[in-house]
Amino acid sequence: MMRRGTAMKRLGALSAALALTLTLGACSQGSASGGGRSDGTTVTLNGDRADFADGFALASDALNDITGVKLEARDVPSTENYQQIVRSSLKTNSTTDIVKWWNGYRLQELARSGGLADLSNEWDKAVEKGWVNPETRDSFSYDNKVYGLPIYKSYWVVFYNKQVFSHVGITPPTTWAEFESNNEALKSAGVTPLFATQEAGWTSFIWFEEILSKLDPDFYQKLMDGEAKYTDPTAREAMKIWSDMYAKGWFTTPDTAWDTEAALFAAGTVAQVPMGTWRNGTFAKAMDESEYGAYILPTVKEGGTPSVIVESGVISMAEKAPDPDATREVMANWLNPKVQEPWVNEIKDTSANPEVSTKDPVLTSVLDQVKAAKPVELVRYWEASPPALIEGGVQFLGAFMANPYPENVDPTLEKLQQLADMEWANWKAAGK
Amino acid sequence: MTGSVTTARRAGATPSAGRRAGSYVERARSIPFLIPAVALVGIMLLVPFVATVYQSLTNDDGFNAEFIGFDNYVRLVQDPMFGRSVLNTVMWTVGTLILPVGIGLVIAVFTSQMKGGRWLRLAFLLPYALSGTATAVIWGFILRSNGALNQAFTFFGAIAPASGWLLEWPTNTIVMIVANTWQATGVAVILFLVGLQAIPTETVEAGTLDGASGMRLFWNIIVPQLKPVTVVVIGMSIANSLRVFDTIWLLTKGGPGGSSETLAVTMYRETFIISDYGYGAAVAVVLTIIVVGASWTYLRQQLKKG
């Protein structure tokens, strides 16, 4: 009897454990990607930026005041895991109402899978109210329909350490020649002039993109669209300039840890960091406006067309959103200045709504520079070509950074072009 | 049931006859006990494996999947990055066989006899308590171009190598194998120590009486008796080296330009970074075949000999 009792107890314990496991499994499914309740008062949003949590909470309060619908944001801290979760859940009933994504080809890839809802109406209404620049429509569209609304508009600028600049006796450059003489002065003063690393993978494209777009914005656009070749003379010229800058010792070592960037910049070990204004929030934590500023990199050739790289995160509505009506309501009001103001002031980036100003002094100076120079706005490398081409491309650019010698320019560009030929063909074939 | 079998035995049946008679019943009785284990292995291992094999025959991109036959495998064979990845995996396997196993054996033998060896041993055992991730972070501080190793070079007046430790192939793969050795030697030391303690003192004494000493005693008396442990240590090393991921991912992300990728890293990159799930699954299948094949061949050969 006793044995039997023990066996029963064990069986009971096993069943309990099994039940618990299943319950926990179900919970984790729900918390990772699940849509949750759909009672018309709350819509769910999934993202990969834990640092946006406070911003989303403020936006939710504002949205609630306007529409009576709250926004419940959750996040998956790893971008890789996040993408995987969205890919596997977007077309199922366990998706959140809204997903955070990227614009350009990354959005197109998601849109053509059929998992996203058409937001053209919401976009058109926002344009009517003057809440968004209609010229940017293409970078949020696929097949002429809008599938995402911008959550920020980051300009790619060069952040510079003001204290180091004043110590060395230089000012932000307005010409490429000044940019070069500044770097020489910084180098002589024992400061590494520019931050660059291939350590994080994606960071390898930054300088290639910056130099190429400042050399010839039109060519950059064509290259990104697959209408020009990596082996064309302009791309080669950009790589030669990059190689030459390496030879002069202006960059940090290519294996510098990406997560040390902000600390190196704040300490003045590195004087200038090329980065999107979304990084401003991180810098603002350690420094104030008297300590750092930002400028748009000048054109390489005097009289060239000024340009600036622009990057937008987007929020998109899932086709299978558990609460479509409430979600559309939120989307229709997302670009409302009353929502955008608290949101961008919290995340310390610029809004895609031109009516929304910012309190941040560094961002204000960037917006002033954009207003004054009226540069051509170009989509960032990361979103400007099919994702597989970009992911493969940063590998070759990273390898170049490890061996940035003139003789390595042509082999790198040839590999990039081979990859481009293959991936453009794949992209076009998949779209049919 | 338990009672009836016991009674049958007590009734005078020979043990072998009893085993034969009860074998079907016993087997049948054991089935419920096997179900949890079989179900666990089936659900957690076999079903995903079959799913992965099927996925490798599709062009799955996370959204849609079409059956494309062996196209992914054809692409693998033609992909120069895959060749590099296989080469790196071989380097890891050979390196992990020679370094942690060899050094582990030497440390175990020396410290087991040495006075205060227990404390010395601790230095080699402690890193084993660290996770692979922590190891990679520590070695990142050491190996980067502005890291501790190059600073030490400069401090002692030597010139640090111009190309960084993690930036050139094959240096990056070799230094990562060394980093991994630092962490993985501990477990080999522990296992070899257990093996050493299991050697009867009589055999060693007999060997000594017969005039064996030093290296001869080591090679002819001690090493042969460590064989069962060595089989386990080498088997574990093979499997560990083939699936190494964390150290590489944190130190180089397989770069620059994929130069330090192993199959496990390639699998991860293709699947989760490029979102080419079908191709990633094909790499996973190849990796599985290599791991299972290598382990099975090795253990089968060793156990047969034993």
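Rule-based calculations on the coordinates, nothing more; no lab input. Note that the structure is a prediction, hence the values are computed from the model and not measured. Counting neighbours? That spans all protein chains shown, and the Cβs are built from the backbone with ideal geometry, glycine included.
The table that follows gives values for the structure above.
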item: Alpha carbon Rg of segment A:69-228, scaled by the compact-globule rule 2.2 N^0.38 Å; result: 1.37
item: Among beta bridges that DSSP assigns inside the protein assembly as shown, antiparallel share in %, nearest 5; result: 60 percent
item: Computed over chain A: relative contact order in percent, which uses C-alpha pairs under 8 Å that are six or more apart; result: 25 percent
item: R0 of 60 Å, Cβ-Cβ distance residue B:289-residue A:232: FRET efficiency to nearest 0.05; result: 0.90
item: Nonlocal amide H pairs with residue B:164, under 5 Å, H built at 1.01 Å; result: none
item: Residue-by-residue Karplus 3J(HN,Hα) for segment B:107-120, coefficients 6.51, -1.76, 1.60, Hz, glycine and proline x; result: 4, 4, 5, 5, 6, 6, 9, 5, 6, x, x, 4, 6, 4
item: Helix A:387-402 vs. chain A, principal-axis angle (Cα, 0 to 90°, nearest 10); result: 50 degrees
item: Over 28 Å between alpha carbons, listed pairs A:145/A:359; A:91/A:129; A:248/A:359; A:214/A:371; A:229/A:428; A:240/B:253; result: A:145/A:359; A:91/A:129; A:248/A:359
item: Descending semi-axes in whole angstrom, ellipsoid equivalent of segment B:48-305, from the Cα gyration tensor; result: 39, 26, 14
item: Estimated dipole of the protein assembly as shown in Debye, rounded to 20 [Cβ of Lys and Arg +1, of Asp and Glu -1, Cα centre]; result: 4560 debye
item: For segment B:93-105, 3J(HN,Hα) per residue [Karplus equation, 6.51 cos²θ - 1.76 cosθ + 1.60, θ = phi - 60°, Hz, x = Gly/Pro]; result: 5, 4, x, 6, 6, 6, 6, x, 5, x, 5, x, 5
item: FRET efficiency estimate (nearest 0.05) - Cβ-Cβ, residue A:371 to residue A:53, R0 56 angstrom; result: 0.95
item: Centroid-to-centroid separation of segment A:89-106 and segment A:386-410 [C-alpha atoms, Å]; result: 30 Å
item: Cα centroid separation, segment A:286-318 to segment B:241-258 (Å); result: 33 Å
item: Within straight-line cross-link reach of residue B:115, lysines at Cα separation under 26 Å, skipping those fewer than 8 residues along the same chain; result: B:227
item: Relative compactness, segment A:307-432, computed as alpha-carbon Rg over 2.2 N^0.38 Å; result: 1.45
item: Calculated Rg and Dmax of chain A using C-alpha coordinates, Å; result: 24.1, 96
item: Packing-based order for B:72-82, A:65-75, B:27-37, A:109-119, using average beta carbon neighbours within 10 Å, highest first; result: A:109-119, A:65-75, B:72-82, B:27-37
item: Other protein chain Cβ atoms within 10 Å, averaged over every residue that makes up A:190-198; result: 1
item: Rg/Rg_ref, the protein assembly as shown, where Rg_ref = 2.2 N^0.38 Å and atoms are Cα; result: 1.14
item: For segment A:182-318: span of alpha carbons on each principal axis (Å, largest first); result: 49, 42, 30
item: Check: segment A:123-213 dipole with +1 on Lys, Arg Cβ and -1 on Asp, Glu Cβ, in debye; result: 340 debye
item: Set of aspartates and glutamates with alpha-carbon distance to residue A:374 below 18 Å, sequence-local pairs under 8 removed; result: A:135, A:210, A:216, A:218, A:302, A:311, A:355
item: Semi-axis lengths, Å, segment B:121-260, gyration tensor of Cα atoms, sqrt of 5 times eigenvalues; result: 38, 18, 13
item: Spin-label pair residue B:163/residue A:120, simplified geometry with 7 Å Cα→Cβ offset, distance in nm; result: 5.4 nm
item: Residue-by-residue Karplus 3J(HN,Hα) for segment B:195-202, coefficients 6.51, -1.76, 1.60, Hz, glycine and proline x; result: x, 5, 5, 7, 6, x, 4, 4
item: 5 angstrom amide H check on residue A:42, placed H, neighbours 5+ away; result: A:70
item: Chain A: calculated mean residue ellipticity at 222 nm from DSSP helix runs of at least 4, using -39500 (n - 2.57); result: -16000 deg cm²/dmol
item: Per-pair calculated FRET efficiency, R0 = 41 Å: residue A:290 and residue A:144 via Cβ, rounded to 0.05; result: 0.30
